[in-house]
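Structure incoming, see below.
What follows is calculated from the coordinates using simple rules that are stated; it is not laboratory data. Just so we're clear, the structure is a prediction, and the values are computed from it rather than from any experiment. Note that each Cβ is placed from the backbone with ideal geometry, even for glycine, and that neighbours are counted across all protein chains shown.
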Ligand code: IMP
């Protein structure tokens with residue numbers, strides 16, 4: 001079975017990528033599965049693309065293998081696009097998911113239901129040693145709930161209601177989320193590359 005390394009130490013994300021890659025018969029390793037500690041990489045970019053590129057290329061050069069990195073976040077229209085690239089640390093450098101949710105919900109307090117539109121964005125960068133890094137982008141449209149609910153998933157899932165649903169992302173099963181998520185949509189755009197280049201060529 002082929003391996004691909006996902007440049008993340010986020011257990012929730014690693015789990016999602018593992019199930020998203022299942023149909024390709026690829027073994028997905030995250031940085032948590034390696035036998036040595038990979039240093040934390042500072043996300044110094046100002047766009048999802050820049051951060052995904054930094055993560056994928058740094059780890060590919062350390063491991064000398066194909067590395068996929070995703071940089072993702074939540075864009076809320078009423079907040080001018082925030083938290084955006086700062087989603088993971090919106091309430092401060094070592095903030096928890098709950099701290100970040102609390103900050104968003106405070107800021108959204110007076111925002112009317114019709115103005116609560118938002119989307120999750122995932123930009124995937126694939127770094128293959130010696131080749132040019134390339135990107136795929138996926139989104140998942142929705143709105144910010146009036147109250148938090150649900151315990152599945154991670155991050156902002158308890159306050160995000162995807163278009164077409166009445167439940168938050170944290171109230172959907174893993175399978176339901178994987179059918180519609182921004183990461184799934186980005187990964188679907190990698191299928192051509194997976195099928196034609198990497199799976200046959202490496
Ligand atoms: P990254 O690890 O720099 O890509 O940070 C992504 C951050 O965006 C996470 O820590 C979450 O706060 C948020 N995020 C990304 N994807 C999701 C998702 O599927 N559900 C909920 N929050 C997400």
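Highest GNM mean-square fluctuation, the chain, Cα pairs closer than 10 Å: which of 141, 176, 49?
Taking springs between Cα atoms under 10 Å, the residue moving most is 176.
For region 97-201, what is the convex hull volume of the alpha-carbon atoms per residue, in Å³?
Measuring per residue, one finds 124 Å³ for the Cα hull of region 97-201.
Most exposed first by the Cβ proxy, i.e. fewest other Cβ within 10 Å, how do 137, 114 rank?
114, 137
For the chain, modelled as a GNM with alpha-carbon contacts under 10 angstrom, which of 144, 62, 101 fluctuates the most?
Judging by the Gaussian network model, the answer is 62.
In whole angstrom, note down how far apart the Cα centers of region 166-196 and region 96-165 are.
Computed from Cα coordinates, the inter-centre distance equals 13 Å.
Averaging sequence separations of C-alpha pairs under 8 Å and six or more residues apart, then dividing by the length of region 40-164, give the relative contact order as a whole percent.
It comes to 25 percent, rounded to a whole number.
Suppose the chain between residue 98 and residue 111 were pulled fully straight at 0.36 nm per residue; how much longer would it get relative to their current alpha carbon spacing?
Full extension from residue 98 to residue 111 adds 2.7 nm.
Here's a follow-up. For the chain, what does -39500 (n - 2.57) per DSSP helix run (n ≥ 4), summed and divided by total residues, give at 222 nm, in deg cm²/dmol to the nearest 500?
After summing the helix terms and dividing by residue count, I get -7500 deg cm²/dmol.
Mind sorting 182, 25 by how few other Cβ atoms lie within 10 Å of their own Cβ, fewest first?
The order, fewest Cβ neighbours first, is 25, 182.
Mean separation of Cα pairs under 8 Å and 6+ residues apart, divided by the residue count of region 75-142: what relative contact order is that in percent?
29 percent
Okay, next question. Just to be sure I understand: with springs between alpha-carbon atoms less than 10 Å apart, which residue in 75, 124, 41 has the highest mean-square fluctuation in the Gaussian network model of the chain?
Maximum among the listed residues: 41.
May I pose another question? Return the Rg/Rh ratio of the chain with Cα-based radii and a Kirkwood Rh.
0.97
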